[in-house]
Amino acid sequence: MFEPTNHFNIVADDERADAAEKVTGRAKFTADHHIDNIAYGLFVCSTIAKGTITNLDSSNALQAPGVLDVIYYKNCPNIPGYNALTPDNKKNNFEWKGLKVLNDNIVRFYGQPIALVVADSFENALAAVKLVKAEYATEAFDTNFNEARLVESKTKLAGKYKRGNPKAYLNAPFFIEAEYNTPIEVHNPMEMHSSIAIWDGDDKLTLHDKSQGPKGTQSTIARTFGIPEKNVRVITEFVGGAFGNALRSWLHVPAACIAAKKLKRPVKVLLTRPQMFSLVGYRPQSWQKIGIGADKTGKLLGISHEAISNTSRYEDYREGITDASRFLYKCENVDTEYKLLPLDLSTPTWMRGPGETTGCFALESALDELSYQLKMDPIDLRIVNYTETHQENKLPWSANNVKDCYAAGKEKIGWKNRPKKPGSLKEKGWLVGYGMGGGIFGANKGSATVKAILKADGSLVLQSAVSDMGPGTTTAMGIIAAESLQMPTSRIKFMLGDSDLPPGPTQGGSGTTSTLGSAVKLICDTLKQVIKELGIQHFPAFKNLQITDLEVKNELLIDAKNQDSQISIVALLKLAGKPSIEITKESNGNNFQEIKYAFCSFSVHFVKILVHPKTGEMKLQKVITTGDAGKIISENTARSQMLGGVVGGIGMAFKEGLEINHATGEIANANFGEYLVPRHTDIPETDVWFVNKPDPFINSIGAKGIGEIAMIGFAAAVANAVYNATGKRVRDLPITPEKLGFSKT
Ligand code: MOS
């Protein structure tokens with residue numbers, strides 16, 4: 001049976017706790033686990049975009065070496081969650097949200113899994129996939145966002161908002177009106193998704209799965225297979241990157257469970273790299289139109305923001321594309337409208353800064369455009385429209401130090417050198433431009449349970465069923481615990497990645513540090529009290545002291561007024577006859593009905609760009625990214641988060657975009673040769689700067705999230721710099737020399 005091994009030793013105060021495991025290859029990601037007698041499952045995917053399978057011939061595949069089964073709609077076992085609408089299943093809370101893979105003969109997008117080949121080796125499965133032949137009755141399909149969005153009847157309203165007068169910008173003395181487009185972007189982390197299902201009898205399951213939330217996956221799979229949650233153990237020890245793609249269970253997860261159950265042996269289902277482009281969600285394509293108007297002082301008089309983003313035919317995925325326009329800047333007249341456009345594609349999902357990343361590209365570009373009309377510095381324009389209250393819910397910010405970000409970034413990027421007239425500054429033959437763009441993302445504190453085990457040797461183990469997709473959760477939690485207990489981080493281990501541990505949150509929405517960190521602080525503060533009580537009870541010298549007379553420090557219990565009077569915690573445990581202290585505590589989530597503040601994190605990104613006047617080649621020369629996310633717990637990993645956001649932002653600005661062949665519905669660039677991502681040489685000198693002031697209201701540790709704001713607003717900063725350098729405004733991402741008017745040849 002699997003035993004978790006991720007008892008990280010934190011070796012230096014702010015060193016990444018799992019660094020050694022990851023760089024030495026000791027860290028086992030989901031697919032790395034070897035299980036006795038395991039079989040390998042790979043999907044056969046549709047080669048049409050829409051229609052029905054009229055015949056699926058698996059006979060050749062079944063005769064191929066090592067092939068154990070080909071599972072498809074005709075021989076797929078019945079799954080309770082697939083039939084959730086029967087009265088019994090509903091009552092039992094059985095459910096599977098999403099496409100019921102291997103269950104019917106309907107094809108909903110090109111590349112949809114239509115069968116699972118299971119073989120005794122990965123290679124045999126891969127070879128046999130090609131031998132499965134499907135015949136189809138095809139139907140007309142629609143994958144072309146840019147055409148379909150023009151047909152009103154194809155879209156559906158997903159959200160509408162209004163305060164003050166609609167379209168008020170049209171009456172402002174200065175206004176701009178512009179349309180912005182962003183392509184489909186994919187997460188594609190290094191580690192590809194996989195699931196290993198191991199059934200123990202009919203109703204007990206161990207699942208190794210790449211997941212941002214072991215508890216969420218446990219609940220999903222329990223409901224899908226109609227078994228008690230406690231009978232499902234989900235293990236996600238290490239995650240090799242995720243940006244929202246592992247927030248829900250995709251089709252390969254039930255497929256692994258189905259196959260393992262049918263074959264009565266463990267099955268590992270892996271997605272191939274091309275499948276990563278369509279089977280684990282993506283940032284939807286978007287069209288936006290922004291109208292924004294101001295008086296001559298720059299005061300905003302109206303913001304109108306329309307957006308359309310695509311979803312699939314079988315599920316609605318919506319995100320807050322127009323949200324920031326409603327609350328980030330002071331403005332009395334705001335109207336937004338958001339529509340979904342269902343297409344014959346797979347379902348999109350949350351991706352780093354979902355909603356805001358897309359929305360702030362448009363909003364922060366539009367503000368920049370307006371600043372030129374006003375002949376005003378774009379930073380000054382934002383400062384004029386700074387608001388003390390969240391403009392939608394009217395609550396005061398719990399903390400908002402975005403003005404400090406403006407000041408720091410301005411200084412560090414050398415904003416004073418920014419040309420007022422676009423295209424007017426050259427350095428060594430290159431056009432030079434400066435740009436900035438901001439981001440905002442809601443901050444939250446949910447509930448989490450943490451168990452603390454103070455061992456006989458005085459070291460501390462903390463446990464919670466979360467996963468760490470890369471931000472460095474174990475590191476930050478170690479630091480919070482070390483600060484509470486005044487002990488070195490090297491003596492603290494954080495165990496995660498196993499749903500059998502006390503329930504912790506899904507890692508998403510930039511909420512882990514706030515939520516889990518509060519729970520870690522609570523359990524450590526509680527542990528301190530327990531140690532003090534034990535001292536008063538068992539250590540004669542402390543007999544007449546109160547809890548408040550004692551302090552815990554360097555693994556000692558000390559009389560605060562008489563520091564020489566002390567006992568080591570190891571000795572105290574021995575004295576008290578306790579092999580260890582184990583306590584578990586739940587930290588509650590914030591009740592937003594009771595808390596009269598608006599909680600958000602803020603970022604402002606600054607870039608300096610060089611554009612070659614003859615070729616249109618664009619080179620970022622310097623990036624300054626600044627954040628107001630309350631107290632920074634781990635400077636090292638927080639900085640890494642911001643750097644990662646910059647890299648993602650550079651990809652969004654210059655490189656990324658899924659291309660669909662609308663004649664077939666097939667993704668044309670489902671590979672890293674043609675789906676472009678930043679290379680090392682695309683990443684310039686990058687400085688990260690934090691306000692680093694605790695938010696007094698969000699939680700007990702003063703920290704808010706960083707993951708999303710790291711990316712939100714970055715692409716706009718680049719587009720704004722490109723305009724400043726060249727006088728050419730690019731409103732369609734990615735920004736390429738061709739869009740600046742340079743031809744490829
Ligand atoms: Mo994030 S898009 O909540 O993983």
Could you please give the count of residues in region 498-511 that are within 16 Å of the ligand (Cβ to nearest atom) and either more than 20 Å from the chain's Cα centre (by Cα) or farther than 19 Å from Ile583 by Cβ (or both)? 7
Condition broken by Thr358, with the remaining ones in (1) farther than 30 Å from Gly241 by Cα; (2) within 16 Å of the ligand (Cβ to nearest atom) satisfied: (1)
Failed item in (1) part of a loop (DSSP other than H, G, I, E, B); (2) over 30 Å from the mean Cα position of the chain (by Cα); (3) modelled with pLDDT of 95 or more, with Ile71 passing the rest: (1)
Between a residue in region 317-346 that is farther than 21 Å from Asp295 by Cβ and hydrophobic (A, V, I, L, M, F, W, C) and any residue that is surrounded by fewer than 24 Cβ atoms within 10 Å (Cβ to Cβ) and modelled with pLDDT under 95, which pairs come within a Cβ distance under 6 Å, given they are 6 or more apart or on different chains? none
Given (1) assigned to a helix (DSSP H, G or I); (2) within 16 Å of the ligand (Cβ to nearest atom); (3) of a type in the set (S, T, N, Q), where does Thr474 come up short, assuming only one miss? (2)
Please go through region 26-37 and give me each residue that is in a loop (DSSP other than H, G, I, E, B) and within 24 Å of the chain's Cα centre (by Cα), ordered by number. Ala27, Lys28
Report, by residue number, each residue of region 479-517 that is closer than 17 Å to Gly442 by Cα and of a type in the set (Ser, Thr, Tyr). Thr506, Ser510, Thr512, Thr513, Ser514, Thr515
Residues that are within 32 Å of the chain's Cα centre (by Cα), at least 2 per element: which strands (runs of 3 or more DSSP E) completely within region 519-636 meet that? 580-587, 600-611, 618-628
Qualifying residue in region 601-617 (condition: under 16 Å from Lys445 (Cα atoms) and surrounded by fewer than 24 Cβ atoms within 10 Å (Cβ to Cβ)): no
Scanning region 332-354 for residues that are more than 16 Å from the ligand (Cβ to nearest atom) and farther than 30 Å from Ala168 by Cβ, which turns out surrounded by the most Cβ atoms within 10 Å (Cβ to Cβ)? Leu345
Of the residues that sit in region 82-105 and are under 18 Å from Glu229 (Cβ atoms) and either crowded, with 21+ Cβ neighbours inside 10 Å or hydrophobic (A, V, I, L, M, F, W, C) (or both), which one is modelled with the lowest pLDDT? Ala84
Identify, please: which residue in region 217-256 is under 15 Å from the mean Cα position of the chain (by Cα) and under 19 Å from Gly81 (Cβ atoms) and is, among those, nearest to the ligand (Cβ to nearest atom)? Leu247
Could you check, for region 559-566, whether at least one of its residues is of a type outside the set (Val, Ile, Thr) and under 28 Å from Ser514 (Cα atoms)? no
Could you pull out the residue among Ala721, Ala725, Ala717 that is in contact with a helix residue (DSSP H, G or I) (Cβ under 9 Å, 6 or more places away or on another chain) and either assigned to a helix (DSSP H, G or I) or more than 16 Å from the ligand (Cβ to nearest atom) (or both)? Ala717
Does Lys744 qualify as being more than 21 Å from the chain's Cα centre (by Cα) and modelled with pLDDT of 95 or more? no
For Val44, all conditions in the list (1) free of Cβ contacts under 8 Å to residues at least 12 places away in the same chain; (2) in contact with a Leu (Cβ under 8 Å, 6 or more places away or on another chain) hold save one; what is the number of the exception? (1)
When residues of region 361-393 are limited to those that are closer than 25 Å to Gly414 by Cα and of a type in the set (Asp, Glu), the one nearest to the ligand (Cβ to nearest atom): Glu364
Within region 301-331, the residues that are more than 25 Å from the chain's Cα centre (by Cα), assigned to a strand (DSSP E or B) and buried (at least 24 other Cβ atoms within 10 Å of the Cβ) are Ile303, Ser304
Of all residues in region 648-669, how many are among the β-branched types (Val, Ile, Thr), more than 24 Å from Leu610 (Cα to Cα) and not in a loop (DSSP other than H, G, I, E, B)? 2
Subset of region 573-597 (residues that are surrounded by fewer than 21 Cβ atoms within 10 Å (Cβ to Cβ) and of a type in the set (A, V, I, L, M, F, W, C)): Leu575, Ala576, Ile581, Ile583, Phe592, Ile595
Within region 174-226, which residues are crowded, with 22+ Cβ neighbours inside 10 Å, part of a strand (DSSP E or B) and of a type in the set (D, E, K, R)? Glu185, Asp209
Looking at the structure I just gave you, is Ile698 crowded, with 19+ Cβ neighbours inside 10 Å, within 16 Å of the ligand (Cβ to nearest atom) and part of a loop (DSSP other than H, G, I, E, B)? no
Regarding region 252-262, can at least one residue be identified that is farther than 17 Å from Asp69 by Cα, of a type outside the set (D, E, K, R) and surrounded by 24 or more Cβ atoms within 10 Å (Cβ to Cβ)? yes
Single residue of region 670-685 satisfying the filter (more than 23 Å from the chain's Cα centre (by Cα) and part of a loop (DSSP other than H, G, I, E, B)) that is nearest to Ile712 (Cα to Cα): Pro684
From Leu263, Leu271, Leu300, Leu205, which residue is touching a strand residue (DSSP E or B) at 6+ places or on another chain (Cβ under 8 Å), within 17 Å of Met192 (Cα to Cα) and away from the ligand (no atom under 16 Å from the Cβ)? Leu271
Please list, ordered by first then second residue, the pairs with beta carbon atoms under 7 Å, 6 or more apart or interchain, first in region 204-223 and acidic (Asp, Glu), second away from the ligand (no atom under 16 Å from the Cβ) and part of a helix (DSSP H, G or I). Asp209/Thr30; Asp209/Val253
Of residues in region 355-390 being in a loop (DSSP other than H, G, I, E, B) and surrounded by fewer than 20 Cβ atoms within 10 Å (Cβ to Cβ), the one farthest from the chain's Cα centre (by Cα): Lys375
Restricting attention to region 637-669, report how many residues are among the hydrophobic types (A, V, I, L, M, F, W, C) and within 18 Å of the chain's Cα centre (by Cα). 7
Test: Gly705 is under 20 Å from Gly511 (Cα atoms), modelled with pLDDT of 95 or more and part of a loop (DSSP other than H, G, I, E, B): yes
Out of all the residues in region 419-469, which are crowded, with 23+ Cβ neighbours inside 10 Å and under 18 Å from the mean Cα position of the chain (by Cα)? Gly439, Ile440, Phe441, Ala443, Lys445, Ala465, Val466, Ser467, Asp468, Met469
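The values are calculated or read from the model by the stated rules, or taken from the named source; none is laboratory data. Everything numeric in this text was worked out from a predicted model, so none of it was measured. All Cβ positions, even for glycine, are placed from backbone atoms using ideal geometry, and neighbour counts span all protein chains on display.
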